[in-house]
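Here's the structure we're looking at; comments come further down.
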Amino acid sequence: IDTNQALVLFVLGGPGAGKGTQCANLVRDYGFTHLSAGDLLREEQDRPGSEFGDMIKSYIKEGQIVPMEVTIQLLENAMTSTIKEKGDRKFLIDGFPRKMDQALAFEEKVVPSKFTLFFDCPEETMKERLLQRGKTSGRADDNEESIKKRFRTFVETSMPVVEMFEKEGRCVKVDATKGPEEVYEQVRAKFGERDV
Ligand code: UP5
Ligand code: MG
């Protein structure tokens with residue numbers, strides 16, 4: 001199976017910017033398959049017999065980026081089985097690439113992305129959302145201490161990737177501060193302009 005035939009959009013934005021929430025809308029209305037790198041890592045972490053479980057757990061709690069080989073393999077497996085089982089080839093890759101090496105390796109070895117959908121949101125807002133979600137999410141990184149580390153990694157490690165795509169004219173930026181419906185309206189408008 002040739003993943004080079006796939007249509008890929010990257011979905012980026014800080015922790016709690018609303019990537020997952022907006023991806024669900026896009027799956028419903030545009031027929032994308034949603035692959036969240038974070039979700040795939042959490043699944044792998046909990047898979048009995050996984051050799052990476054403990055490693056993933058500690059990276060996530062510390063807000064660090066898991067070594068790219070693991071994440072890219074999980075994404076590639078998920079893409080390949082989706083193409084094989086359903087014939088679907090349109091993917092939203094959510095929360096990836098969040099480090100330069102991942103971006104370069106994925107576009108070189110798997111498939112270049114069409115563009116990146118970037119949700120721009122101030123830390124104050126993201127923090128409020130994450131702490132709110134943390135009351136029920138059970139996510140090991142939805143606490144003050146991990147959130148602080150996630151923000152730092154985002155600024156230092158992930159923003160350079162977004163800036164690279166911006167320079168290449170391959171970044172579609174959306175203001176993610178308002179409510180979910182208003183944010184989605186902007187996404188739809190920008191997708192119209194880009195002919196998605
Ligand atoms: N909410 C959403 N939109 C809202 C809006 N417009 N107004 C008000 N509330 C809104 O939303 C978060 C919360 O806010 C929810 O309660 C939602 O209802 C509400 P969500 O849509 O879940 O935001 P999202 O951006 O998806 O936030 P998430 O916490 O998933 O972002 P992260 O990027 O931090 O998490 P991810 O799962 O992608 O990664 C987790 C960790 O995995 C990373 O820190 C890292 O350690 C590891 N990882 C890697 O190592 N490598 C990778 O490639 C990817 C991840
Ligand atoms: Mg998410």
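What follows is calculated from the coordinates using simple rules that are stated; it is not laboratory data. Since the structure is predicted, the reported quantities are computational estimates derived from the model, not experimental observations. Positions of Cβ are generated from backbone atoms using ideal geometry, with glycine treated the same way; all protein chains shown enter the neighbour counts.
Between the amide H of residue 36 and those of 94, distances stay under 5 Å, these residues lying 5 or more places away or on another chain, with hydrogens modeled in the peptide plane. Loop-resident GluC sites (Glu not before Pro) (DSSP state other than H, G, I, E or B) in the range 107-196 with no more than 14 further Cβ atoms inside 10 Å of their Cβ: 168. Rounded to the nearest 20 debye, the dipole size of the range 1-93 about its Cα centre is 340 debye, using +1 on the Cβ of Lys and Arg and -1 on the Cβ of Asp and Glu. Checking the Cα-Cα distances for 57/109; 19/84; 61/178; 148/178; 109/148 against a 30 Å cut-off, the pairs over it are 109/148. Rounded to the nearest Hz, the phi-derived 3J(HN,Hα) couplings of the range 68-83 under the Karplus curve 6.51 cos²θ - 1.76 cosθ + 1.60 (θ = phi - 60°) are 4, 4, 5, 5, 5, 4, 4, 5, 5, 4, 5, 5, 4, 6, 5, 4, where x marks glycine and proline. At the listed q of 0.13, 0.16 Å⁻¹, the Debye profile of the chain, built from one uniform point per Cα, gives log10 I(q)/I(0) equal to -0.68, -1.08. Let me know the shape class of the range 93-158, please: from the alpha-carbon gyration tensor, a ≥ b ≥ c as square roots of the eigenvalues, rounded when a/c is under 1.5, otherwise prolate if a/b is greater than b/c, or oblate. In terms of gyration-tensor shape, prolate.
DSSP bridge analysis restricted to the chain gives an antiparallel fraction near 0%, rounded to the nearest 5.
Consider a paramagnetic label point 7 Å from the Cα of residue 50 along Cα→Cβ; state which residues of the range 114-141 have an amide N under 13 Å from it. The answer is 140.
What is the extension gain from residue 194 to residue 101, computed as 0.36 nm multiplied by their sequence separation minus the C-alpha to C-alpha distance, in nm to one decimal? Walk me through the intermediate numbers first.
Numbers: separation 93, 0.36 × 93 = 33.48 nm, distance 2.69 nm.
Length difference between fully extended and current span is 30.8 nm.
Using the Cβ-Cβ distance between residue 148 and residue 30 with R0 set to 45 Å, the FRET efficiency works out to roughly 0.85. For the range 3-194, the dipole from Cβ point charges (+1 on Lys and Arg, -1 on Asp and Glu) about the Cα centre works out to 300 debye, to the nearest 20. In the chain, helical runs assigned H by DSSP with n ≥ 4 each contribute -39500 (n - 2.57); averaged across all residues and rounded to the nearest 500, the mean residue ellipticity at 222 nm is -17500 deg cm²/dmol. Of the chymotrypsin sites (Phe, Trp or Tyr not before Pro) found in the range 85-143, no site is in coil according to DSSP while having at most 13 other Cβ atoms within 10 Å of its Cβ.
Between the residues 189, 112, 52, the greatest Cα displacement towards the positive end of the dipole of the chain, with unit charges on the Cβ of Lys, Arg, Asp and Glu, is found for 189. Near residue 115, the amide H atoms lying under 5 Å from its own belong to 10; only residues 5 or more places off or on other chains count, and H is placed 1.01 Å from N. Shown in residue order for the range 168-178 are the 3J(HN,Hα) couplings computed by the Karplus curve 6.51 cos²θ - 1.76 cosθ + 1.60 at θ = phi - 60°: 7, x, 10, 10, 10, 9, 10, 6, 9, 7, 7 Hz (x for Gly and Pro). Across the chain, Cα pairs under 8 Å and at least six residues apart give a relative contact order of 33 percent.
Couplings for the range 84-100, taken from phi via the Karplus curve 6.51 cos²θ - 1.76 cosθ + 1.60 with θ = phi - 60°, read 5, 7, 10, x, 7, 10, 9, 10, 9, 9, 9, x, 7, x, 10, 8, 4 Hz in order; Gly and Pro are left as x.
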